[in-house]
C-alpha cells in the first residue's frame, strides 16, 4: 500500500505549512547531488519496469513552480534513464474553448496515466487555484453558473481536487506532487541568464516579468493550495529549488521511495504457464 515518502520537505497534512518557513536553498551537502541522482535513477529504472509488469498501479507526478522554477529540466533529468514507452508528460497551458465548455478538471481526465505507466503533469489542475486565484478576472471567461459563490469558490475547488485525487488513489494511482520552491532572487538570476545566453533566449517571455509583480499573491495561493490538498494519499513536497542538482536528487529519491512502498512484483507464472513454457522450450530445442 502506498505510503507518503518521509522527507523534511513533506508538506504536513494538518494545514501548518508556511511558505515563509520553507527553504529555497539546500545549504550544505549539495556537492553530493549528482551521485544521489544517478543512484536514484538506476533504482527508478528497475521500479518502472516492475510497475509496467505488475500492471496494478499508475503513477501521477505533479510539478508546479513559479516561472523559471526548473520544472522542465527536473523532469528531463529525473526521467532520463526511464523507458519512454512507460512514461508520458503533459503540459497544461491556457484552456482551449473546448476545455472551457466543461468543468475545470475535465481536461486532465484524458491525460491521466493508465496502469503500469508513469504520468507527469508539467503544471496541472492546480493552475485553477493558483494563477486563477491570483487573477480572478479569468473566472469571467469560464462560463460558470450564476450559483457559484465567489466567497467560497477556492475552498470548493480544493474540496473537488481532494475528492478527485482520493478517488484516483483508491483505484490504484500513486500521486506525488512537487512544488519546486525557487526564491525571487534566483528567479531574477535565471531570467537574466535567459536574456544573456543566446541558446536560452527563446525561453524568455515578457509576460513572466508581469507575473513576477504578483509574487506575494502567488506565495499566498501556494500556501493555501498546499495546505488544503497535501494528504497521505496525495502528498505535496516543497522542494528547495535554487540549486537545480539538489532539487533533482530530492525529487528522484522521493519518487523511488514512493514506488518502493507499493510492493511491486513481477507476475508469477501459473502451473499452466509453466507447462506452456516447457512445451515451448522443448519445441525450440528440437527445432533446426
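Just so you know, all these numbers are worked out from the coordinates, no wet-lab data involved. Here the structure is a predicted model, which means the values were calculated and not measured. No Cβ is skipped: glycine too gets one built from the backbone with ideal geometry, and neighbour counts run over all protein chains shown.
Some points to look at:
- Selection of segment 20-60 for residues being touching a strand residue (DSSP E or B) at 6+ places or on another chain (Cβ under 9 Å) and free of Cβ contacts under 8 Å to residues at least 24 places away in the same chain yields only 27.
- Spans of helices (runs of 4 or more DSSP H) in segment 132-213 with at least 2 residues in contact with a strand residue (DSSP E or B) (Cβ under 7 Å, 6 or more places away or on another chain) and either in contact (Cβ under 8 Å) with a residue 40 or more places away in the chain or closer than 30 Å to residue 262 by Cβ (or both): 153-170
- Here the condition is being in contact (Cβ under 8 Å) with a residue 40 or more places away in the chain and closer than 20 Å to residue 172 by Cβ; of 90, 121, it holds for 121 alone.
- From 234, 224, 228, residue being surrounded by 11 or more Cβ atoms within 10 Å (Cβ to Cβ), farther than 20 Å from residue 185 by Cβ and in contact with a strand residue (DSSP E or B) (Cβ under 9 Å, 6 or more places away or on another chain): 234
- Scanning segment 112-131 for residues that are crowded, with 17+ Cβ neighbours inside 10 Å and part of a loop (DSSP other than H, G, I, E, B) yields a count of 6.
- Lone qualifier among 146, 163, 155, 196 - being under 21 Å from residue 15 (Cα atoms) and loosely packed, with under 12 Cβ neighbours inside 10 Å: 163
- Of the residues in segment 68-80, at least one is surrounded by fewer than 19 Cβ atoms within 10 Å (Cβ to Cβ), under 28 Å from residue 193 (Cα atoms), out of contact with any strand residue (DSSP E or B) (no Cβ under 6 Å at 6 or more places or on another chain) and touching a residue at least 40 places away in the same chain (Cβ under 8 Å).
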